[in-house]
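Participant: First the structure, then my questions, so here it is.
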Amino acid sequence: MTISDPLEELSWLKRTQPTLEELRLSGGLLVEDWPHARQVMRLSTQLFEATQPLHHMDAKALSLLERAALLHNTGMMVEARRHHKHSFRLINQVKLPDFTDRERYEIACIARYHRRALPNVEHAEFAALGQRARKRVSALAALLRITDALDYSHDGRVMRLAADPAQCSDAIWTILLWVRPLADLDTELEHAYDKADLFEKVFLRKLHLVVQDQRGE
């Protein structure tokens, strides 16, 4: 990336570096792309709200999702191919402010399942959870898988999302997406539908993503 304006370069550097508050929230863990982590966390919050009628979870569950979203790629600092497993290990080894050890373990599990295999009792880390925690981790990981996919290009193409109540039913759940002008979302949509497997398993509904026409705003 070439930036000729010194002020623009300084602004870019600030965006790509963690803030002191983010380092506090992460327990000192680093991720390879802080803007991506922030974007996934923001979209995860919106998707949590958009699916509230499905999961009925509270503010504490949202806080688990937000922290997992912020740290889901911390394992990339170790290895790309199995970074979801490294994320689980790294998160579970640190002290995260505002969370108990049990809650930190759930955060680690949510991050672990943001990609690849679905939660399974044959996995030792998932089997260690109680029944209610398994249900919560599965539901939150289902949301994280989708929001991570919606920033597949790591450039914040999706500006916001919300449910379309008129197009939500017992069979389908429709999410509206507002996209940055001139941005193409084909790759993000493809990956989001691929990673909707856990969403459909947990919530028993097909996911439907609809890109909004900016000219209608």
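Participant: Pull up region 19-63, narrow it to residues that are under 25 Å from A192 (Cα atoms) and polar (S, T, N, Q), then point me to the one that is most open to solvent (accessible area, probe 1.4 Å).
Facilitator: Residue satisfying both the conditions and the ranking: Q52.
Participant: Right, another one. Return a yes/no flag: does region 177-193 have any residue that is open to solvent by less than 60 Å² (accessible area, probe 1.4 Å), assigned to a helix (DSSP H, G or I), hydroxyl-bearing (S, T, Y) and touching a helix residue (DSSP H, G or I) at 6+ places or on another chain (Cβ under 8 Å).
Facilitator: Looking for residues that are open to solvent by less than 60 Å² (accessible area, probe 1.4 Å), assigned to a helix (DSSP H, G or I), hydroxyl-bearing (S, T, Y) and touching a helix residue (DSSP H, G or I) at 6+ places or on another chain (Cβ under 8 Å), one finds none in region 177-193, hence no.
Participant: Report whether or not H123 is free of Cβ contacts under 8 Å to residues at least 12 places away in the same chain and either out of contact with any Lys or Arg (no Cβ under 7 Å at 6 or more places or on another chain) or open to solvent by 50 Å² or more (accessible area, probe 1.4 Å) (or both).
Facilitator: Considered against the rule, which asks whether it is free of Cβ contacts under 8 Å to residues at least 12 places away in the same chain and either out of contact with any Lys or Arg (no Cβ under 7 Å at 6 or more places or on another chain) or open to solvent by 50 Å² or more (accessible area, probe 1.4 Å) (or both), H123 comes out as yes.
Participant: Can you tell me which residue within region 1-18, out of those that are open to solvent by less than 50 Å² (accessible area, probe 1.4 Å) and not hydroxyl-bearing (S, T, Y), is modelled with the highest pLDDT?
Facilitator: The extreme case among them is P18.
Participant: Okay, moving on. Out of region 194-208, which residues are touching a strand residue (DSSP E or B) at 6+ places or on another chain (Cβ under 9 Å) and without any contact (Cβ under 8 Å) to a residue 40 or more places away in the chain?
Facilitator: Once the filter is applied, which keeps residues that are touching a strand residue (DSSP E or B) at 6+ places or on another chain (Cβ under 9 Å) and without any contact (Cβ under 8 Å) to a residue 40 or more places away in the chain, region 194-208 yields E200, K206.
Participant: Looking at the structure I just gave you, is A149 surrounded by 15 or more Cβ atoms within 10 Å (Cβ to Cβ), under 19 Å from A50 (Cβ atoms) and touching a Lys or Arg at 6+ places or on another chain (Cβ under 6 Å)?
Facilitator: Answer is yes for this residue.
Participant: Go through region 158-168 and give me each residue that's touching a residue at least 24 places away in the same chain (Cβ under 8 Å) and either in a helix (DSSP H, G or I) or open to solvent by 50 Å² or more (accessible area, probe 1.4 Å) (or both).
Facilitator: Scanning region 158-168 gives R160, Q167.
Participant: Just give me the residues in region 169-193 being among the charged types (D, E, K, R) and over 15 Å from the mean Cα position of the chain (by Cα), in sequence order.
Facilitator: Answer for region 169-193, where residues must be among the charged types (D, E, K, R) and over 15 Å from the mean Cα position of the chain (by Cα): D170, R180, D184, D186, E190.
Participant: Moving on. Are any residues in region 194-217 part of a loop (DSSP other than H, G, I, E, B) and crowded, with 17+ Cβ neighbours inside 10 Å, and if so, which ones?
Facilitator: K195, A196, R205
Participant: Additional query: Working only within region 74-89, note down all residues that are closer than 15 Å to R145 by Cβ and open to solvent by less than 10 Å² (accessible area, probe 1.4 Å).
Facilitator: Passing the criteria: H84, S87.
The values are calculated or read from the model by the stated rules, or taken from the named source; none is laboratory data. The shown structure was predicted, so the numbers you read here are calculated from the model rather than taken from an experiment. With ideal geometry, Cβ positions are generated from the backbone for all residues, glycine too; neighbour counts draw on all protein chains shown. With ligands, DNA and RNA removed, areas are computed over all heavy atoms of the protein, side chains included. Shrake-Rupley method; radii C 1.70, N 1.55, O 1.52, S 1.80 Å.
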